[in-house]
1. By accessible area of protein heavy atoms, probe 1.4 Å, what ranking do ARG51, ARG69, ARG8 get, highest first?
2. Give the lysines whose C-alpha is closer than 18 Å to that of LYS48, dropping any in the same chain fewer than 8 places away, or say none.
3. Given a Förster distance of 30 angstrom, what is the FRET efficiency for ALA66 paired with ALA44, based on the Cβ-Cβ distance and rounded to 0.05?
4. Arrange the residues LYS79, LYS48, LYS11, LYS31 by how much accessible surface each exposes, largest first, with a 1.4 angstrom probe.
5. Where only protein heavy atoms count, and the probe is 1.4 Å, what is the accessible area per residue for the chain in Å²?
6. Compute the length gained on full extension between ILE86 and ALA53: take 0.36 nm times their separation in residues and subtract their Cα-Cα distance, giving the result in nm to one decimal.
7. Which percent, nearest 5, of DSSP beta bridges in the chain are antiparallel?
8. How many percent of the accessible area of the range 19-64 is carbon or sulfur, using a 1.4 Å probe?
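The values are calculated or read from the model by the stated rules, or taken from the named source; none is laboratory data. Quick caveat, the model's predicted, so the values are computed rather than measured. Here Cβ is always computed from backbone atoms with ideal geometry, including for glycine, and neighbour counts include all displayed protein chains. Accessible surface areas use protein heavy atoms only, side chains included; no ligands, DNA or RNA. Shrake-Rupley method; radii C 1.70, N 1.55, O 1.52, S 1.80 Å.
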Amino acid sequence: MPKIIPIRDLKNTSEISNMCHESSEPIYITKNGYGDMVIMSMEAYEEKLCRQAIYACLSEAEEDIAMGRVAEAGNAIYKLREKYDI
């Protein structure tokens, strides 16, 4: 369940920091009853960025497969070994 707090509660920074570190979910900040900001811990933010990068790579790989830009695994390994002199 997402945590939603009013902007006036941001005065208690240590409590907000604890809330951010207790959960990997963002905390939604409202202003005059409407959504205004989202905050989260650095760890949660970096994890989300990493996950987003992985999804982008997977999407690119799926596109390569759909377009037929693939290679036999044995040939690819042979070329890599040749390239890096392994």
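1. Numbers: ARG51 90, ARG69 130, ARG8 165 Å².
From most exposed to least exposed: ARG8, ARG69, ARG51.
2. Those lysines meeting the cut-off are LYS3.
3. On the way: r = 33 Å, r/R0 = 1.09.
In this case the efficiency is close to 0.40.
4. Working: LYS79 135, LYS48 80, LYS11 175, LYS31 105 Å².
Ranking LYS79, LYS48, LYS11, LYS31 by accessible area, largest first, yields LYS11, LYS79, LYS31, LYS48.
5. Numbers: 7460 Å² over 86 residues.
Roughly 87 Å² per residue, with all protein chains present.
6. On the way: separation 33, 0.36 × 33 = 11.88 nm, distance 2.91 nm.
Residue separation times 0.36 nm, minus the Cα-Cα distance, leaves 9.0 nm.
7. Antiparallel bridges make up about 55 percent of those DSSP assigns within the chain.
8. Numbers: 1920 of 3560 Å².
Percent of accessible area from carbon and sulfur atoms in the range 19-64: 54.
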